[in-house]
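The values are calculated or read from the model by the stated rules, or taken from the named source; none is laboratory data. These figures come from a predicted structure and were not determined experimentally. Reconstructed Cβ throughout: ideal geometry from the backbone, glycine too, with neighbour counts over all protein chains shown.
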Amino acid sequence: MTSASPATPAATRPVPRASALAIEAYVPGKSKAPAGVRLHKLSSNETPLGPSPAAIAAFRAAADGLEIYPDGQSRALREAIARANGLDPDRIVCGAGSDELLSLLAYAYLEPGDEGVFCEHGFLVYRIAILAAGGVPVVAPETDLTADVDAILSRVTDRTRIVYLANPNNPTGTYLPFDEVKRLHAGLPKTVLLVLDAAYAEYVRANDYAAGIELVAGAENVVMTRTFSKVYGLASLRIGWLYGPEGVVDVLNRIRGPFNLSGPAIAAGAAAIADRAHIEAAVDHNARWLPELTGALGALGLTVTPSVANFVLVRFPDAPGRTAKEADAFLTERGLILRSVASYGLPDALRLTIGDDEANRAVIAALGAFMRGDRG
Ligand SMILES: *Cc1c(COP(=O)(O)O)cnc(C)c1O
């Protein structure tokens, strides 16, 4: 690392920190299909129902004030989030997507060389956030594509400052029961911040799951992050939020940009979270299709990891003509865009977002043809 130090006399231009250049830039899900084919984008876990009509109306109304700086405290949004979840608005921080908050946490808590831990098939943003802050990423192995509390705890050293856990995890769709999350927290030193990324919490119907609000309320070293990009259908607006202890809220409010959410985002987010009926419809649609898709794809001989979120991880055989890579090309030609997850260490799999009825039926039919070897 020292060889890339800005102090090197031979440098002829500004030199970024070495850990920043160790980052492989995030590659988003594809969104293109061949010309003339109806496109179903099932690659980024967006909702097929779109946002609440009330959110769209609020966004349009906000177009009348674009010359005015937004409220730097995002007060209307924090109050709407607090009302919907029974929380103290003063312990909520909003971000330009939860991605911004995940990065801000790394900047706030990692000194260069400090370690951040995350799971083997965990969300790629954690590695990026840790490296961008000058930290050292440490990977904990998983068991059955699921976070393993003992493995995470065994990776904690006296340099560890932060642990990221997506629960449920993307791209596997698996989750840790709340008892296991509490066991993880109990095993961590009080100086390590546990980040519970609950981007898909609204979709989970398992009785033993909790997003983590209760844990945050009683500890100084736990935060929960949430997003408006998934069930609320506002991915394009970039809205995330965090619920945390006073100390974390205070430092994030010091280091974040003073106007990190746009006015239209604040207005649309506040309207979206108040529309309970729209969220329920999205969750019901998902609950109907999750077992249906899992069963139908399993019946084709594919391995589908049981998921509690709005996507499934589908694993393909090794056999030529049946691989994940070939399936991806076959589906793309038919306008069905899934997510390759090779960069998550899962080269034999694709991630499928649950779409509308038409898209889901089309995926089942196309994968049936693919597995039969019917390339017509
Ligand atoms: C989609 C997703 C997010 C949300 O990111 P935003 O920046 O809020 O759009 C966060 N964490 C995980 C695990 C996700 O899959």
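Candidates ARG83, ARG78, ARG127: the one that is under 19 Å from TYR344 (Cα atoms), of a type outside the set (S, T, N, Q) and in contact (Cβ under 8 Å) with a residue 60 or more places away in the chain is ARG127.
Identify all residues within the range 245-263 that are within 16 Å of the ligand (Cβ to nearest atom) and either within 18 Å of the chain's Cα centre (by Cα) or part of a helix (DSSP H, G or I) (or both); write none if there are none. Before you say what the answer is, go through the steps one by one.
Residues of the range 245-263 that are within 16 Å of the ligand (Cβ to nearest atom), as a first pass: 252, 256-257, 260-262.
Hit for the range 245-263 is LEU252, nothing else.
The condition (being under 22 Å from the mean Cα position of the chain (by Cα) and either farther than 22 Å from ASN170 by Cα or crowded, with 23+ Cβ neighbours inside 10 Å (or both)) is satisfied by just one residue among VAL314, VAL304: VAL314.
Would you check if there is a residue in the range 100-117 being within 13 Å of the ligand (Cβ to nearest atom), in a loop (DSSP other than H, G, I, E, B) and closer than 30 Å to THR157 by Cα? Step through it out loud before you land on a result.
Of the range 100-117, the ones within 13 Å of the ligand (Cβ to nearest atom) are 100-105.
From the residues that got through so far, the ones that are in a loop (DSSP other than H, G, I, E, B) too are none.
No; the residues of the range 100-117 include none that is within 13 Å of the ligand (Cβ to nearest atom), in a loop (DSSP other than H, G, I, E, B) and closer than 30 Å to THR157 by Cα.
Restricting to the range 349-363, give me the number of residues that are part of a helix (DSSP H, G or I) and surrounded by 16 or more Cβ atoms within 10 Å (Cβ to Cβ). Residues flagged as part of a helix (DSSP H, G or I) and surrounded by 16 or more Cβ atoms within 10 Å (Cβ to Cβ) within the range 349-363 amount to 4.
Under the condition of being closer than 19 Å to ALA206 by Cα and either assigned by TED's automatic domain parsing to the domain that holds VAL341 or surrounded by 22 or more Cβ atoms within 10 Å (Cβ to Cβ) (or both), which residue from the range 147-171 is farthest from the ligand (Cβ to nearest atom)? The residue in question is ALA147.
Of all residues in the range 32-57, those that are assigned by TED's automatic domain parsing to the domain that holds VAL283 and surrounded by 14 or more Cβ atoms within 10 Å (Cβ to Cβ) have Cβ atoms under 6 Å from Cβ atoms of residues that are at pLDDT below 95 and among the polar types (S, T, N, Q), 6 or more apart or on another chain, in LYS41/SER31.
Give me a count of the residues in the range 341-356 that are in contact (Cβ under 8 Å) with a residue 24 or more places away in the chain and farther than 16 Å from THR294 by Cβ. Of the residues in the range 341-356, 7 are in contact (Cβ under 8 Å) with a residue 24 or more places away in the chain and farther than 16 Å from THR294 by Cβ.
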